[in-house]
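Below you'll find the structure, written out as C-alpha cells, and then a few comments.
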Amino acid sequence: MKNYVYTLLNGSKLTKSDFIKYFEKKVFKTIRKFDMLKFDDKILVATSGEKDSMTTLYLLHKYMKKRNLHKNLSAITVDEGIINYRKKTIAKLKKFCKNHDIELFVETFKKHINSTQDDNVKLISKKNLNLSPCKICGTYRRYIINKVAQELKATKVATGHNTDDEAQTIL
C-alpha cells in the first residue's frame, strides 16, 4: 500500500518521492520560464537553517550543479546574538554546506553593528522605546546580508519564505 502525502488540486495523489520530484520540477521550470538565473550570476542564499531557506539553498544548488554553476552559489546566515537561539541551526547549516561543498558565511550582529539582539532588546526596554525588537532584528539582518552580498559581488540574493511568512509581514 502506497503512503500518499500530498493531493494536487486535480485530485492526483503523490507519494513523498513523487511530491519531491513534482516540486523540484515546478521550481526548475519557474526558474527557466522567468529567466531568473543567468550564466554569470553569483547567488548568495540567505539562510536561517530552517526548512524554507534550507529548501531554497538545496534547490538552487541542485539546479546550478546540473549546469556546472554550483561554484557561483554561496550561503549566508546571521547570528543575531540571542542566547540559545541559533546554535543548533548554524551547526545544521554548516554540516549541510560542508556536505554539498557550498561556501557559508556566518556573520554576527556583534561584528557588524557592535551589539547583539539581546543588547538591543535591553536598550529598548531600558529607554522605554516604542519599537518592536523583531523590526530592529529584521532591519539589521537585511543590512548585513546586503552588505556581505555587495562585498562578495553577488548579483542576486535568494531567500526562502512561505506564504505564512509573507502574511505575518503584512499583518
- Message: Quick check on segment 55-73. Is at least one of its residues surrounded by 18 or more Cβ atoms within 10 Å (Cβ to Cβ), within 28 Å of Thr116 (Cβ to Cβ) and either in contact (Cβ under 8 Å) with a residue 40 or more places away in the chain or more than 13 Å from the chain's Cα centre (by Cα) (or both)?
- Response: yes
- Item | Count of residues meeting criterion [farther than 20 Å from His161 by Cβ and touching a residue at least 12 places away in the same chain (Cβ under 8 Å)] in segment 23-40 | 3
- When you look at Leu14, is it at pLDDT below 95 and of a type in the set (A, V, I, L, M, F, W, C), yes or no? yes
- Hey, Glu107 farther than 21 Å from His161 by Cα and under 15 Å from the mean Cα position of the chain (by Cα) or not: no
- Return yes when Asn84 is free of Cβ contacts under 8 Å to residues at least 12 places away in the same chain, assigned to a loop (DSSP other than H, G, I, E, B) and within 30 Å of Lys122 (Cα to Cα) and no when it is not. yes
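Listed here are the residues, each with its yes/no results for (1) surrounded by 14 or more Cβ atoms within 10 Å (Cβ to Cβ); (2) among the hydrophobic types (A, V, I, L, M, F, W, C).
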site	(1), (2)
Glu80	yes, no
Asn84	no, no
Phe96	yes, yes
Phe109	yes, yes
Ser125	no, no
Pro133	yes, no
Tyr140	yes, no
Leu152	yes, yes
- Message: Restricting to segment 33-46, name every residue that is outside any loop (DSSP other than H, G, I, E, B) and open to solvent by less than 90 Å² (accessible area, probe 1.4 Å).
- Response: Ile43, Leu44, Val45, Ala46
- Note on the structure: In segment 47-69, residues that are over 16 Å from His100 (Cα atoms) and either outside any loop (DSSP other than H, G, I, E, B) or hydroxyl-bearing (Ser, Thr, Tyr) (or both) total 3
- So, in segment 115-131, of the ones that are part of a loop (DSSP other than H, G, I, E, B) and touching a Gly at 6+ places or on another chain (Cβ under 9 Å), which residue ends up farthest from Asp79 (Cα to Cα)? Ser115
- Name the pairs whose Cβ atoms lie under 9 Å apart, with the first residue in segment 139-161 and under 24 Å from His70 (Cβ atoms) and in contact (Cβ under 8 Å) with a residue 24 or more places away in the chain, the second part of a loop (DSSP other than H, G, I, E, B) and of a type in the set (Ser, Thr, Tyr), and 6 or more positions between them or separate chains? Ala149/Thr155; Thr159/Thr47; Gly160/Thr47; Gly160/Ser48
- Could you give me the residue pairs with C-beta distances under 6 Å whose first residue belongs to segment 107-118 and is over 17 Å from Lys87 (Cβ atoms), whose second residue is open to solvent by 40 Å² or more (accessible area, probe 1.4 Å) and of a type in the set (Phe, Trp, Tyr) wherever it lies, and which are 6+ apart or on separate chains? Ile113/Tyr140
- Message: Please go through segment 98-107 and give me each residue that is open to solvent by 50 Å² or more (accessible area, probe 1.4 Å) and β-branched (Val, Ile, Thr), ordered by number.
- Response: Val106
- Task: Keeping to segment 63-100, report how many residues are within 21 Å of Lys38 (Cα to Cα) and touching a helix residue (DSSP H, G or I) at 6+ places or on another chain (Cβ under 9 Å).
- Result: 11
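The values are calculated or read from the model by the stated rules, or taken from the named source; none is laboratory data. Since we're looking at a predicted model, the values are computed, not measured. When we count neighbours, we look across all protein chains shown, and the Cβ atoms used for this are built from the backbone with ideal geometry, even at glycine. All accessible areas refer to the heavy atoms of the entire protein, side chains included, with ligands and DNA or RNA removed. Shrake-Rupley method; radii C 1.70, N 1.55, O 1.52, S 1.80 Å.
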